[in-house]
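Presented below is the structure to which this report refers.
FYI, it's all coordinate maths here, none of it is from the lab. From a predicted model like this one, the values you see are computed outputs, not experimental measurements. For neighbour counting, all protein chains shown are included, and Cβ atoms are generated from backbone atoms with ideal geometry for every residue, glycine included.
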Amino acid sequence: MPELPEVEITKRKLEPLIKSKRILNLGGKKILRIERKGKAILIYLSGGKILGFHQRMSGKLLIVRRGWKDKHTRRIFHLSGGKDLAFHDVRRFGVIWYGPVKKVLDDPYFKTLGLDALKISFGEFKRILGERRAGKLKPFFLNQKNLAGVGNIIADEVLWHAKIHPERNINNLSDADIKKLYVSLKFILKRSIKLGGSTMRDWFHPDGGHGGYFKKRYTYGREDEKCFRCKTQIIRKKIAGHSSCFCPKCQREQ
């Protein structure tokens, strides 16, 4: 479930807690810096190595006391200073990478990632849409080869904010539509990050904090509730294998 906002928050909160510490059970390698790439966290270590994590459906990275135990903990990394970095993953779909920088970054996940949704410029966004003139918008947003980091929550929220139907064909978008989508993408991502991301069931901040975006979401998971704009009932529909929530009045199909 963790999408770009949750992974970005994980990165920002982890960095001051672990930067410059050493990972004792990885040969004492020093943590040099932390980056987010798509939905993955990359911890650059001394000796030209990377320790990476993709949290997938239920994973989270936690800073815990030494000796902390939980049955859903996949790996524990002992840090200098007495704390541990734990990768907690109830559903066990998460991925851990460790190895030389080039080898890790040559993984198919990283090699096929599109431009980062938080950093992409309007010109780049417009160009990518122009190159993919076939298909519908919701699958476009979910394809990590197009935009790295967007998941089901962000896609539904962006489309609602832009007042565009999730099944709208890309080749029917006007320049004004593309601009609205771009502005909404940036707005929703920044709003979610500011509110601490979405804590629903399994995901928390590295320090145990909760995200507040889910309680203030616009449309995701709000089927049968009233649209905040027009009071029409939000509906749910399966699109490209994913559940989508939208307002049939505000987001009319064209």
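Under 19 Å Cα-Cα from LYS216, which lysines qualify once same-chain neighbours fewer than 8 residues away are excluded? Once the sequence-local lysines are set aside, what remains near LYS216 is LYS163, LYS186, LYS190, LYS194, LYS226, LYS231. Here the Karplus curve 6.51 cos²θ - 1.76 cosθ + 1.60, taken at θ = phi - 60°, turns the phi angles of the stretch 220-236 into couplings of 4, x, 9, 4, 6, 8, 7, 4, 5, 8, 10, 6, 6, 5, 5, 10, 10 Hz, with x standing for Gly and Pro. If R0 is taken as 41 Å, the Cβ-Cβ distance between ASN171 and VAL90 corresponds to a FRET efficiency of 0.50.
Distance from the alpha carbon centroid of the stretch 77-131 to that of the stretch 168-207 works out to 18 angstrom. Rounded to the nearest 0.05, what FRET efficiency is calculated for LYS231 and ARG127 with R0 set to 30 Å and r the Cβ-Cβ distance? It comes to 0.20.
Could you list the residues of the stretch 68-96 with an amide nitrogen less than 19 Å from a label point located 7 Å from the Cα of ASP107 in the Cα-to-C-beta direction? Once the point is set 7 Å along Cα→Cβ of ASP107, 73-78, 85-96 turn out to lie under 19 Å by backbone N, inside the stretch 68-96.
The three principal axes of the Cα atoms in the stretch 115-246 give end-to-end lengths of 41, 33, 26 Å, sorted in falling order. Per residue, the convex hull spanned by the Cα atoms of the chain measures out at 123 cubic angstrom.
Remark on the stretch 4-111: Rg and Dmax equal 12.9, 37 Å (Cα only). Look at the alpha carbon pairs under 8 Å that are at least 6 residues apart: their mean separation over the length of the stretch 115-246 gives a relative contact order of 23 percent.
If you wrap the tightest convex hull around every Cα atom of the stretch 201-247 and split its volume per residue, you get 90 Å³.
The modelled label-to-label distance for the pair LYS179/LYS71, using points 7 Å beyond Cα in the direction of Cβ, is 5.6 nm.
Cross-link pairs exceeding 31 Å between alpha carbons, from the set LYS13/LYS237; LYS126/LYS238; LYS19/LYS179; LYS111/LYS215; LYS49/LYS180: LYS13/LYS237; LYS19/LYS179; LYS111/LYS215; LYS49/LYS180.
Counting Lys and Arg as +1 and Asp and Glu as -1 over every other residue whose Cβ lies under 14 Å from the Cβ of ARG12, the net charge comes to +2. Only Cα pairs under 8 Å and 6+ residues apart enter the sum, and on that basis the relative contact order of the chain stands at 18 percent.
Taking the charge dipole of the chain about its Cα centre, with +1 at Lys and Arg Cβ atoms and -1 at Asp and Glu Cβ atoms, the residue from PHE228, PRO139, SER192 reaching farthest to the positive side is SER192.
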